[in-house]
Every structure is written in structure tokens, then in C-alpha cells.
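Let me begin by presenting the structure, written as C-alpha cells, before commenting on it.
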Amino acid sequence: MFYSISLYLALAIFIIGLIYKVSTWFSLTISVESKKVSTRFLMALKGVIAAIFSGRILILLKVFFLDVIIQRKVMREDFLRWLAHILIYWSFMLLLVMHALDSLITSRIFPDYSPTINPFMFLRDLFGLFVIVGVCLVIYRRFILKAPRLKTNAMDHYAIILLAIIMLSGVFLEGAKIGSYSIYESMVEQYSGMEDAGEIKPLTAFWVENFGVVSPDVKGPFDQELLKKGREIHETSCVTCHSRPRWAFMGYSAARLVKGIAVALDRAGVHTFLWYIHFLACFIGLAYLPFSKFFHIFVTPVSILANSVMDRQVSEAANVETRQAVEFDACTHCGQCTARCSVAISYETFENANILPSEKIRSLRKVAAGKESGENFARILEGSSICTNCHRCTDVCPAGINLEDLWFSMRESMFKKDYPEFSLLSPLSYYRGLMRDTIPEEDYTKPLVRARNTITAGYDLIKDQTEVITIPAYDSEFQDKSLSFQASAFKDCFGCQTCTNVCPVVANYENPKETLGLLPHQIMYSLGLGLKDLALGSNMLWDCVTCYQCQEQCPQGVKVTEVLFELKNLAIQSVKAKAV
Amino acid sequence: MRFALFLGCNIPARVKQYELSSRAVFRKIGIDIIDIKEFNCCGYPLRNIDYKASVLSAARNMALAEKQGLNIVVLCMCGFGMFKEAEHRLKESNALKEEINAILAKEGLEYQGKTEVKHILTVLYHDVGLDVIKEKVVRKYKDIKIATHYGCHALRPSDVVMFDDPVNPELFDKLVEVTGAKSIYWQSRLDCCGAPLLGINDELSMDLTKKKIVNASESGADYLCDSCTYCHMQFDNVQQMIISSGHDGIHALPAILYTQLLGLSLGIDSKALGLANNRVDISKIEEFLSSI
């Protein structure tokens, strides 16, 4: 009763969760030009049908075999991880089919099926062992080997803990049952037709000797005659359903382990207790599945298959967006992307976990659901923008997620909001420049202008060209400290303008001052005078091509380009500090 | 001769032909290449926003090579410049070095400064030598004029990168001429390609690119030759963008990577050099080659 109620309850939660999660695939906003939910749903349906009834079905089958069943991508990257995952994945699936769903599946295929005969008994333990070994490898990798910057979050913990509870409760339940005298008694009652204690004794002796039952009164050593008699009864009443429990090597070991206290455990009803734990853990796992990391069991294959036949350039934009929404759920947080991320090391200085792809994808899902704003949003935007678009995360993602595409789409849709992002003013933008044709013109320039304007907004002095500037007192904090290293050589500038004369950017404009604000020599000179606002507010900083002509040719050895680099860093630092 | 090959971020993703042709040339010349999977961003694109992050990136790469006792060969000039900058700064500032090493120590790495970082042109010119290359050349170019583009970040700041004479460099020209091609003099050969500003100020970036292309064409060049990831994307992908946007009417000047140019004259197949990957078609360059 309790069993059925909890099963149906779990199933109901599972189904509602599933429907909810799938519905988000059509509602998350990822693209700049997001489509309606209904449009996306119909388009997806059409796309799926078109893919299945076309030549692409062959690609799908091949990819299903290589990437879902064999998981070659994981194998290529990291054998240990592959081993752990394949052990868990395959064994868990087989346990699910053969053991958990035995009344639905196994017993229909094998009419003689009983969980207590071979090969089922042995296989159950073998698969169980594989899962446990897999989980141990996972724990070893995550907590002992500790790859740099591999993050483990609450979701990962739940998944590992739940799996461990299911497996261990199963093993100990089996052990408790093997030793249980009360189960033995009821079995005898049911299957032997004997009632007299003296009649039963030989069978009991035989089961105590060979099947691990712990009887409160019948104890060895037994004489051969008795055992022989027991065997005869066993062979008529029990053998059709029972193989030697040794074959259930884990459960049997557990039974041996607690042999001394088995009678007490049995009286206390420990096997019933363990049974509750075992099935409740399974049901909790089922109910929680759509909301947990285990959801990837269903979604990752979908993502892998969709990506194998889709292409950003040719596929329907609405379907690309839907696929990207699916990808959020396909992520298993395995950390392979972060392990191979080209800028992961920058996490150490920016201290922004959103730089790491495995963390970024989580945050971006919240953004796509419209759940982030303020400081958090700005941090996610920063993390998303510090990316060299090297494609390595995408190449190694075992879930087949086109991460680079996802980053690109999400970045662009985030740029639509009013948050300034300063890393746009660095060569990290190169890829965006190459992709310019795919972005609406206005959306392309807006964030660039916003970033520049936010920086210069704080420096009024540079805007009013008519006013005579009063020279401030020597600002030692700024002039001595903030410009570090070799850059402080700006003090040697004597204003010869060589830097400006050789600057290709200055040469590109008819009226360079108007566009650039201050010219290179003016920046050097204003630094000498301590006019920080002039230097930091100048557009020249962001239009510098860093070709080093100025620095190379400066007769005074002023490190002009280095100074400009440092001013850029400084300007961004101070505008960020102000925002906080 | 053995080097760890540093590809960086853009080559595998967007300039595959540079990797293909470099590996093919290395193989032909007999240089062993080791790939270090853990290499990360060179640090160059981070310099505008956070200097320390950029040095940390570069230092981690060097520490990885150092751990295996390898020197690094870099294909990109911006990457090369960044490595040199980091090396220079870490030598100068112990405080920075300690800070960087404290971070690297978390993954069992340490930067000591033992690894030497070289650009591929330096390796070919100094470590291999023109004579050796000359011996291996099997097909010479005839009657072809090449505008050799040096690239800023390998050349300057000269006291840090120490690549060649910053005012009158000749290393790259000589490497071009060893293939029989003529490396012409053109006024803006040492100027910037415009790449550092693409994505930041496209107009300015493309202006600089156009100026160089026009100057090279007017100086009689048949092809432009570069040896840097960013320069190449600029002269190839971005030139293609400029051409297809149509409104400038510039005369297309195909850009070839040095490893492609050299590879052909070493007798390497054009497929193995990824010639077809270039956006602005360079397949006709084979017509300038003598037969084997």
C-alpha cells in the first residue's frame, strides 16, 4: 500500500516535472530575435519529423551508437572518466531493466525468472559492483584527484549521494535477507508444506550450512546424514527458485559481515527497514529526476542527436534557439569544457566563476529564464565575454552541446540589456567582428558605444575643450603608484610629439583630436602634469592599435604603448569599482 | 630539434591552414613537434583589460613547456609578443613572479623562466638556417612579387622581442627569397594590419587594412605574405569582408601564409597546406612555381 502510494506519487511528480522542463525548452529566451512558444514548438516538431524521414536518419543512428552508447568523446579526452561513466551508465541501465522493472520486463521475457536464481542473481550483483566502482572512480576524480578549477556543486553531491544510497541499501538489504530467519520461516511455510519442527530441521541445517541463513537455534557443525536429508527436501521444494547466494557476491559478503548479529537484526526487522530505504531512495530519485543532474540521461542524447544534424547557418533560427534551450538541460556538469577552456586560468585573477564554461552554462540558464539582474547579471556578462571563441569547449563536450554557439547567442542577447561590458574593448571582440554580418547593425554597435561612454562618463574635463585647465597638485597616489613598472617612464616626456607623428591611428584622421580626444603625446604630457581625468577619458586609449611605433621611436625611451595599456586597465578598474 | 607547438585559440578554430602548413613544413624540415594539450590562451587579448591575467596566461603556458623541458614555437606574432612581454616583465619583477607562481602552484606548476619562446620565422631563420632550407627547396617561384608583411608584435618593442632590426628588418624578406620569390620593398611594410581593433572599431581597423593592401598592390605585389594568425585573418577573412561589402572597389590582393608559400616550394601538396581554406583564393600561386 505504502509502496504503491509512494510509487504513484513519485511517478506523478516525475511526469509533471518532465512536462515543466520540456516546456521551458520552448520558452527560454536565448536569441536576440526570440520567437513565440507555439511557433517554436511547431517548428521543432516539423524539424524532428523532417530529420527522421530523410537521409539524416543514418547520421542519427551512427551518432547514437558512437556518442550515446559508446561515448567516444569522453574516451578520447579522459579514459578514467570514460570508464567511470560507462560503468555507471550501462550497469545502471541494466539494473533498471533487469532488476527494478523485473515484473514488467524480465519476467515477461524469461517465464522462469526469479530474482534469486542465476544468472539474474549474479548479474544483479555484478552490475551493482560496476556502479559502485564507477561511483568510487567519480569520487576519486572529483575529490581526490581534483583537477584544477573543476567545481563540484550541490547538484553533483546530491547525485552522487543518491546513487550511493540506492546501491548500498540494495547490497545490505540483500545481505539482511540472506541471513534472515523470519523470511526463511515464511518461505518454508509457503513452499515446503511442512509444519513440524523436527521435519523442518534437516532443511534448516542445509540452509544454514549452504545458504547463509542464521537460525537462532539450529547451529552447525551438522552431521552429513542430516545435511543429506536437508538437501533432498531442498531439491524438491526450493531449488527451482534458489541458486547458491554466494553468486550474489556482494549481498553474501554483507551477510557474512553481519553474521554474528543477524538474529538480532532480523528480529528488529532491519531488512524491512532497508527495503524502505532502498525503494524510497529509488522513488525520490525518480521524482527528483527531471530537476536533477540525472535528467541528462534523457536530454543529453537529444542534444547530441540534434547537434549532429543541425547547423546554425542553415537550420531554422527558431529551432536553433530551442536546441540551445535543450542544451542547458543536457549539461552534466562534468567539467570537461572547463578543463580544456583557453581562458579558465583567468578565473584566478578575475575571480569570476562565470568564466568557466561549466559554471557559465548554469548562470546563463537563469539569464535565459529572465531570472538574473543587477550585479549578478553584470558578472555573468563579464564571464561570458572573457572568451576567445577557441571552440575547444565545444569540441570536447561529451553532451554534444555547441557551447560556442550558445555563448555567442547568449552574449548578444545580454548585450541588448543596459549593462556595459568592457572586455568588448579588447581583441576578445575579434570574433564578434568577424561575425558582424550575423548581428543586426544597431545591436552590433550599441554595446561598443555603451562601453566607451560608460568609461568616459566619469571624466568631464576632456569634454569641455574651451576651458583652461588648472593643473592639480602632484597626485603621488596616482602618478607614482597606479602606473606601475616601466610605464612610469612617462615622466621623461619632453613633448616632442614623435609618438603622435608616427601613430597610424592619428594619421588615419583628418582631424584626429576631434575623434581621439587626446593624442599620444598629449596623454604622456597630461600624465606628467597629473591630469589623470584627461588621460583616462581619452578615446585614444581604445583606438590604439598597440603597434608600438610610438614606443619604438620615442627619443626619450618613454614606454608610450605600455602606458596606454596600463591606462586602459586603470580606466576599466576604476569604472568597475564605481559600479559596485 | 624539438619544440612544443603553441597554436593559440584562433588557429584551430579559424585558421586551420596555418596549423596544417606549419606541421607539414616542420615535418619536411625535420623538426619534432610536441603538442601540449593543456596550453591555454596566450594572454594577448586580455592585456587591454587586465594585465595580470594576461601575464598569468602566458606564464602558465611557459610553465607547462618548462615542466617537459621544451622550448616553445609560436605561429602567431601577437602571441609571440605576449610571451616575450610576460617573460620580460617576470624577469624584471620578482613580486609579480611570486604572485603568478603562487597561483600556478595550485596545479603543480612553476614558472622559472627556463623555456625559450620563439616565433616560427625565428626558428626557420636561426635554428634551421637559410642554407638548409635552400637545399630542401625543390620548386622555385619565378617572376612573382611578394609584399612581405612583418607584423608589429614580433618586431616591436624591439628591446623586448628581439626579433630583428625594428627599422630595417630583413629576416622575413630573406626567408621569402629563399623560395625564389622576390620580396619587394613597399612603404607600409612595417605598419599595422589593423587586427587589434577589429570588433572594437571596425572602420578604423579596416581603414588600416585597406591602406596596406592598396600600398602593396601599388608597389607591384602579386601576393601578400604574412606569418601571424591575426594578420592573416585580417588580410584574408577581413579583406574578404571588405571586398564583399563592395563599396570600396579595392583590388583584391590574396594573402598567403609563409608556411604555405614555403611549403609549396618544398614540394608539399597544396591540400596538405590547406590552400583551399583561404578566403581570398590563392590557388593560382602554383602557376608561378617551376615543376619539380
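Quick notes on this one:
- Hits in the range A:346-383 (condition: within 17 Å of residue A:573 (Cβ to Cβ) and more than 14 Å from chain B (Cβ to nearest Cβ)): A:375, A:378, A:379
- Matching residues in the range B:106-150 - criterion: being over 25 Å from residue B:269 (Cβ atoms) and in a strand (DSSP E or B): B:117, B:118, B:119, B:147
- For the range A:384-403, a residue qualifies if it is small (Gly, Ala, Ser) and touching a residue at least 60 places away in the same chain (Cβ under 8 Å), and the qualifying residues are A:399, A:400.
- Selection within the range A:92-136 - loosely packed, with under 14 Cβ neighbours inside 10 Å, among the acidic types (Asp, Glu) and not in a loop (DSSP other than H, G, I, E, B): none
- On the stretch given as the range B:113-148, residues that are crowded, with 20+ Cβ neighbours inside 10 Å and acidic (Asp, Glu) total 0.
- Screening the candidates A:336, A:313, A:324 for the property of being surrounded by 22 or more Cβ atoms within 10 Å (Cβ to Cβ) and away from every other protein chain (no Cβ under 14 Å) yields one hit, A:324.
- Boolean, residue B:182 is over 24 Å from residue B:240 (Cα atoms), surrounded by fewer than 24 Cβ atoms within 10 Å (Cβ to Cβ) and touching a residue at least 12 places away in the same chain (Cβ under 8 Å): yes
- Residue in the range A:147-190 that is nearest to residue A:77 (Cα to Cα), counting only those that are over 37 Å from the mean Cα position of the chain (by Cα), among the polar types (S, T, N, Q) and surrounded by fewer than 17 Cβ atoms within 10 Å (Cβ to Cβ): A:182
- Residue within the range B:29-40 that is crowded, with 20+ Cβ neighbours inside 10 Å and either in a helix (DSSP H, G or I) or assigned by TED's automatic domain parsing to the domain that holds residue B:282 (or both) present: no
- Among (1) under 29 Å from residue B:12 (Cβ atoms); (2) touching a residue at least 24 places away in the same chain (Cβ under 8 Å) - the single one residue B:201 does not satisfy: (2)
- Checklist (1) at pLDDT below 90; (2) surrounded by 12 or more Cβ atoms within 10 Å (Cβ to Cβ) applied to residue A:504, failing item: (1)
- Complete set of residues in the range A:1-53 that are in a helix (DSSP H, G or I) and of a type in the set (Ser, Thr, Tyr): A:3, A:4, A:6, A:8, A:20, A:23, A:24, A:38, A:39
- Filter pass, residue A:477 being modelled with pLDDT under 90 and either surrounded by 11 or more Cβ atoms within 10 Å (Cβ to Cβ) or under 22 Å from residue A:572 (Cα atoms) (or both): yes
- Test: residue in the range A:384-407 that is under 26 Å from residue B:104 (Cα atoms), part of a helix (DSSP H, G or I) and more than 13 Å from every other protein chain (Cβ to nearest Cβ): yes
- Which numbered condition residue B:72 fails, given (1) within 14 Å of chain A (Cβ to nearest Cβ); (2) modelled with pLDDT of 95 or more: (1)
- Residue B:110 touching a helix residue (DSSP H, G or I) at 6+ places or on another chain (Cβ under 6 Å), surrounded by fewer than 22 Cβ atoms within 10 Å (Cβ to Cβ) and of a type in the set (Asp, Glu): yes
- Taking helices (runs of 4 or more DSSP H) as the structural unit, those lying wholly within the range A:195-268 and holding at least 3 residues that are touching a helix residue (DSSP H, G or I) at 6+ places or on another chain (Cβ under 9 Å) and within 27 Å of residue A:170 (Cβ to Cβ) correspond to A:197-210, A:249-257, A:262-267.
- Candidate set from the range B:229-286 (those that are surrounded by fewer than 14 Cβ atoms within 10 Å (Cβ to Cβ) and among the polar types (S, T, N, Q)); member that is modelled with the lowest pLDDT: B:245
- Taking the range A:393-418 as the range and being acidic (Asp, Glu) and more than 25 Å from residue A:376 (Cβ to Cβ) as the test, only A:395 passes.
- When we screen B:54, B:158 for residues that are closer than 30 Å to residue B:225 by Cβ, modelled with pLDDT of 95 or more, of a type in the set (Gly, Ala, Ser) and surrounded by fewer than 20 Cβ atoms within 10 Å (Cβ to Cβ), the only hit is B:158.
- Residue in the range A:424-437 that is modelled with pLDDT under 95 and in contact with a Lys or Arg (Cβ under 9 Å, 6 or more places away or on another chain) present: no
- Considered as a group, the residues in the range B:77-100 that are of a type in the set (Gly, Ala, Ser) and in a helix (DSSP H, G or I) include one that is farthest from the chain's Cα centre (by Cα), and that residue is B:95.
- Among the residues of the range A:413-453, the ones that are away from every other protein chain (no Cβ under 12 Å), more than 16 Å from residue A:543 (Cα to Cα) and either in contact (Cβ under 8 Å) with a residue 24 or more places away in the chain or crowded, with 20+ Cβ neighbours inside 10 Å (or both) come to 11 in all.
- Selection status of residue A:300, crowded, with 22+ Cβ neighbours inside 10 Å, in contact (Cβ under 8 Å) with a residue 12 or more places away in the chain, under 30 Å from residue A:7 (Cα atoms) and among the β-branched types (Val, Ile, Thr): yes
- Among the residues of the range B:252-286, the one identified as polar (S, T, N, Q), free of Cβ contacts under 8 Å to residues at least 40 places away in the same chain and in a loop (DSSP other than H, G, I, E, B) is B:270.
- Within the range A:396-406, the set of residues being more than 18 Å from residue A:68 (Cβ to Cβ) and either at pLDDT below 95 or surrounded by fewer than 21 Cβ atoms within 10 Å (Cβ to Cβ) (or both) comprises just one member, A:405.
The values are calculated or read from the model by the stated rules, or taken from the named source; none is laboratory data. The model shown is predicted, which means the values in this text are computed figures rather than measured ones. In this analysis, Cβ positions are derived from the backbone assuming ideal geometry, glycine residues included, and neighbour counts consider all displayed protein chains.
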